[in-house]
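Colleague: A single structure is presented below for examination.
The values are calculated or read from the model by the stated rules, or taken from the named source; none is laboratory data. Source: prediction; values computed, not measured. Cβ placement follows ideal geometry from the backbone for every residue including glycine, while neighbour counts extend to all protein chains displayed.
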Amino acid sequence: MKKLFFISFFTTFLLSNNLINGKVDISIQNPIISKSEITYTKYPINNKTLLILAPNYRASGKTLNITLDNQEYSLKVLEGEYKKEQIKLAKPSIIKPNKKLQERIAKEYDEAVKIYAKSTEKVYINKPFIIPLDSVITSPFGSARVFENTLKSYHSGTDFRAAIGVSIPASNDGVVVIAKDRYYSGGSVVIDHGYGVYSQYYHLSKINVKVGDFVKQSDIIGLSGDTGRVSGPHLHFGIAIKGVSVDPLDFVNKFNAKAFN
């Protein structure tokens, strides 16, 4: 029998009354999951298991099913309070790539999809995540991005104000899986933290690491910049759960609270 989630029944499962698109839900439990329409991972740490649900940003308004311990449930995904942003590009031509560049973009996308599809069954971290910059947030997660009056995408991370050349530390221990210049995200570093959890650092002017490197928290992985599709220099910091982009600040707060408190 399929059931709807109610907070009175699921206080040990959900942290809030509803799931919100792009916001993780993290609980301490280890159910058998035989089917799920929601991206999830089970992260073992500190002698417990964190069940992390990652509802896709584009799942807003949908009802998604998940089967826990042979019981099927339905979850309503609500839309977060995200704003719309008009973006004036520093390099307007980047919004209309030619055929050759489109092939490059497709190749980079396919490469990333394959990387995020892998879930390394190893916990690399032993301390809380840190935010890589203590700076003004110039663009929050989830904002609808409008370029030249055309809605192109949503913001998959959080942008921090940073002049070119500011040192960028790793938010936690892990293995570098992407370290290269990419068309949209410019100088890019992505770190695998184990079990499908990845952190992302984009628009770098310099990359100090290479694929396969093990980095520790606070190691300088590169320098901030204005590469890729940008309106000016800054750091884009993101978190992906098995390829699903989630609010990185929301993730860090919830993960740290459940894993280390």
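Colleague: Quick check on residue 46: is it at pLDDT 95 or above, outside the structural domain of residue 204 (by TED's automatic domain parsing) and either polar (S, T, N, Q) or more than 19 Å from residue 27 (Cβ to Cβ) (or both)? Spell out the reasoning first.
Modeller: On the way: at pLDDT 95 or above: yes; outside the structural domain of residue 204 (by TED's automatic domain parsing): yes; either polar (S, T, N, Q) or more than 19 Å from residue 27 (Cβ to Cβ) (or both): yes.
When the stated conditions are applied, residue 46 passes them.
Colleague: Checking the condition within 23 Å of residue 50 (Cα to Cα), surrounded by 18 or more Cβ atoms within 10 Å (Cβ to Cβ), touching a residue at least 60 places away in the same chain (Cβ under 8 Å) and charged (D, E, K, R), which residue from 173, 250, 159 passes?
Modeller: When all the criteria are applied, what remains is 250.
Colleague: Another question, then. From the list 182, 229, 161, which one is within 30 Å of residue 101 (Cβ to Cβ), among the charged types (D, E, K, R) and in contact with an Asp or Glu (Cβ under 7 Å, 6 or more places away or on another chain)? Step through it out loud before you land on a result.
Modeller: Working: 229 fails: in contact with an Asp or Glu (Cβ under 7 Å, 6 or more places away or on another chain); 161 fails: in contact with an Asp or Glu (Cβ under 7 Å, 6 or more places away or on another chain).
One residue alone meets the criteria, 182.
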